[in-house]
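The next block holds one structure in the form of C-alpha cells; read it before the comments.
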C-alpha cells in the first residue's frame, strides 16, 4: 500500500509584515509548484582524484521559485492592486509566504517577491493568472 498523500486542500498564505505576523490564504489558488532547492557545484577534479573520475563539491544553495495559477478575482484583497498579488507585483516588495501541505502536517515557509504576474482571458474558459514568487534566502520545512 502506498503512503502517498492527496495535495487537495493545500494553502498558499501571504504574511502581512506585522508583528506578530498574520497570514491570509490567497484566494482560489490552483496548482502550486516549488520551492525548487538546488546547489551550484564546482568541479574539483585533480590529478589525484580516485580512478581518474571527476569530482564536485556543492557551493551556494539556490531556493528557486514558487509558481502557481489562480482563478483571477481582480477585486479580492489577496489578488488586487491595493493589497494583493498585483500590488506586490508593482512594488517588488519581499514578504513572508507559507505553503501549508494539507495532508502532511507540514508547511514550507519562505521570504519572496512577486517576480511575475501574467493574466489570461481565454475565449472559452475562466480568467486566470500565473504568478511567480522569487524566493530570497533558505526556505524552511516545518511542522504546522
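In a strand (DSSP E or B), free of Cβ contacts under 8 Å to residues at least 40 places away in the same chain, crowded, with 17+ Cβ neighbours inside 10 Å and under 12 Å from the mean Cα position of the chain (by Cα): does that describe residue 107? Yes.
Residues in region 58-99 that are touching a helix residue (DSSP H, G or I) at 6+ places or on another chain (Cβ under 7 Å), free of Cβ contacts under 8 Å to residues at least 40 places away in the same chain and under 13 Å from residue 27 (Cα atoms): 80 only. Take the residues in region 18-35 that are in contact with a strand residue (DSSP E or B) (Cβ under 6 Å, 6 or more places away or on another chain) and not in a strand (DSSP E or B), then tell me which one is farthest from residue 97 (Cα to Cα). Selected residue: 28. The residue list 102, 130 contains one member that is modelled with pLDDT of 95 or more and either in contact with a helix residue (DSSP H, G or I) (Cβ under 6 Å, 6 or more places away or on another chain) or surrounded by fewer than 17 Cβ atoms within 10 Å (Cβ to Cβ) (or both), which is 130. The single condition from (1) in a strand (DSSP E or B); (2) surrounded by 10 or more Cβ atoms within 10 Å (Cβ to Cβ) that residue 73 fails is (1). For region 36-57, the count of residues that are in contact with a helix residue (DSSP H, G or I) (Cβ under 7 Å, 6 or more places away or on another chain), free of Cβ contacts under 8 Å to residues at least 40 places away in the same chain, outside any strand (DSSP E or B) and surrounded by 13 or more Cβ atoms within 10 Å (Cβ to Cβ) is zero.
The values are calculated or read from the model by the stated rules, or taken from the named source; none is laboratory data. The shown structure was predicted, so the numbers you read here are calculated from the model rather than taken from an experiment. We place every Cβ from the backbone using ideal geometry, glycine too, and count neighbours over all the protein chains shown.
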